[in-house]
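The values are calculated or read from the model by the stated rules, or taken from the named source; none is laboratory data. Note that the coordinates shown come from a computational prediction; the quantities given were computed from them, not determined experimentally. Here the Cβ positions follow ideal geometry from the backbone for every residue, glycine too, while neighbour counts run over all protein chains shown. Surface areas here come from the heavy atoms of the whole protein model, side chains and all, with no ligands, DNA or RNA. Shrake-Rupley method; radii C 1.70, N 1.55, O 1.52, S 1.80 Å.
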Amino acid sequence: SEQLHCVYLIVNGTAKIESLYDTGSQIVSIAEKKAMITGLSWDPDVVIYMQSANKGVEKSLGLARNVPFLFGEVTLYMQVHVIREPAYDLLLGRPFDTLTESVVKTTKDGNQTITIHDPNTLRRSVIVTYPRGKGPALLGKNPELTQGFLLASMN
């Protein structure tokens, strides 16, 4: 079996979050705790019922609209469903693929990259993935990032 791969991106300009790339999901969703850490607000009147792989059904907490996601130099704005206690921090489902016209390249050694297309600037960017739970070396060297936060520059 192969490990799941994740990307690390900045959500709402505040926190770098491990994001599971899942082309089998019909939505983009975030854990409630991470939504709170990143300062998101959501509409509790826009809810959906999600069925997980184990056939359980759970009601979302609401929809956060136009949330900025920073992938390297590319900023994307996505609609994100907030989920109480999922098995992930952030899930990038099919809406991410559709918006970015993503192309995944997987090599024999299990490495994976995702090429995305910025619909606003028309630029393309290659995003490196990491095995789940094993983020970039930068996370281990920067205490602010290992806690899930980025310190904003005051300049």
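The table below gives the values:
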item	result
Karplus 3J(HN,Hα) series, Hz, for segment 80-91 with 6.51 cos²θ - 1.76 cosθ + 1.60 (x for Gly, Pro)	10, 7, 9, 10, 4, 9, x, 7, 8, 8, 9, 10
Computed [θ] at 222 nm, helices only, for the chain once each DSSP H run of length n ≥ 4 contributes -39500 (n - 2.57)	-3000 deg cm²/dmol
Segment 1-44 shape via C-alpha gyration tensor axes, a/c threshold 1.5	oblate
Other-chain or far-sequence residues with amide H under 5 Å of Val46's (modelled H)	Leu63
Cβ crowding within 10 Å averaged over residues, with 1-14, 39-52 ranked highest first	1-14, 39-52
Arg65 accessible area, 1.4 Å probe, all protein chains in place, Å² to nearest 10	130 Å²
Whole-number accessible area per residue in Å² for segment 64-113, which is evaluated in the context of all protein chains at 1.4 Å	55 Å²
Of all accessible heavy-atom area on the chain, the percent that carbon and sulfur account for (1.4 Å)	51 percent
With 10 Å bins from 0: P(r) over the chain, alpha-carbon pairs, percent	10, 40, 37, 12, 1
Rounded, prolate or oblate (a/c below 1.5 giving rounded, otherwise prolate when a/b exceeds b/c) for segment 1-82 by Cα gyration tensor	oblate
Farthest toward positive dipole pole in the chain [+1 Lys/Arg, -1 Asp/Glu at C-beta], among Pro68, Ser52, Ser19	Ser19
Potential extension, Lys134-Val104 segment - 0.36 nm per residue separation minus Cα distance	8.9 nm
Linear extension gain, Gln3 paired with Thr75, 0.36 nm per residue minus alpha-carbon span	23.2 nm
Net charge contributed by nearby residues that have their C-beta within less than 13 Å of Arg65 (K/R +1, D/E -1)	-2
Segment 1-126: antiparallel DSSP beta bridges as a percent of all, rounded to 5	85 percent
Residue-count net charge about Ile116 - beta-carbon cut-off 15 Å; Lys, Arg +1, Asp, Glu -1	0
